[in-house]
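To start, the structure itself, in structure tokens.
Please treat every number below as a calculation from the coordinates, not as lab data. Fair warning: this is a prediction, and the values are worked out from it, not measured in the lab. Using ideal geometry, Cβ is built from the backbone for each residue, glycine included, and neighbour counts are taken over all protein chains shown.
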Amino acid sequence: MPSPSDRVESVCVYCGSSNDADPAFLSSAYAIGAEIAKAGLTFVYGGGGVGLMGASARGAHDAGGRVLGIIPDFLQGREQPFDDVETIVVTSMHERKMMMFDRSDAFVVLPGGIGTLEEVVELLSWQRLGLHACPVVFYNPRGFWDPLFELLHHTIREKLSPPEFANSWRSVDTVEALIPAVLAMGADLAGARTNPDVADLT
Ligand code: AMP
């Protein structure tokens, strides 16, 4: 599990593996990878060379950043890891997710499909259980994630999640806003840890 470090040094990127996604999403993914590298942060991801995963990793690598991919052996054919980035091959999806989680102290979520959804839902549920207190920031171009946010808020309105659950994540609309939001949320969470009177992280 990531320890609650007061400095964000590595960022895990969850995102789609589809090459057919909106080209604007693919180019934003590349730019976000570059932003992570330029901020001096290690880029951790699912290890594939396809879709937004591949684009974002390529962006980080091209910008001179440290990139760490983690891929299950059975997906290497389908998700085509890059030869020129550090890649750890694991045996299962669970091991992949656990290692991505262990190696990261902040998480960003780009547009994606069911795999991305599964990863971020697990991450938010682990936060609810107190298993981590790391920044989670969505990149939400043209409201891509709004249906998920509506569902999460629906669970609050129905009193199936507490109101504070809405503080578990943040969302930005632009590439440029993403890393500042990650660092700001990291600082707020660190402040809340050192000041027990600060309970509300909005
Ligand atoms: P998708 O958003 O469906 O394109 O998937 C994005 C990434 O999530 C891909 O690399 C998938 O291999 C990965 N993925 C899908 N399901 C899981 C899972 N259950 N555990 C870990 N990774 C997954």
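Note on the stretch 16-31: among residues that are within 15 Å of the ligand (Cβ to nearest atom) and more than 17 Å from TRP145 (Cα to Cα), the one that is surrounded by the fewest Cβ atoms within 10 Å (Cβ to Cβ) is ASP20. Sub-7 Å Cβ pairs linking a first residue in the stretch 55-82 that is under 18 Å from MET99 (Cβ atoms) and hydrophobic (A, V, I, L, M, F, W, C) to a second residue that is within 12 Å of the ligand (Cβ to nearest atom) and part of a helix (DSSP H, G or I), at least 6 apart or interchain, are VAL67/ALA57; ILE70/ARG96; ILE70/MET99; ILE70/MET100; ILE71/GLU79; ILE71/ARG96; PHE82/ALA57, ordered by first then second residue. Applying the criterion of at least 2 residues that are within 10 Å of the ligand (Cβ to nearest atom) and surrounded by 15 or more Cβ atoms within 10 Å (Cβ to Cβ) to the strands (runs of 3 or more DSSP E) found wholly in the stretch 45-142 leaves 67-72. Within the stretch 5-15, being within 16 Å of the ligand (Cβ to nearest atom) and among the acidic types (Asp, Glu) holds for no residue. Flag: GLY130 matches the condition of being of a type in the set (Gly, Ala, Ser) and farther than 28 Å from THR174 by Cβ.
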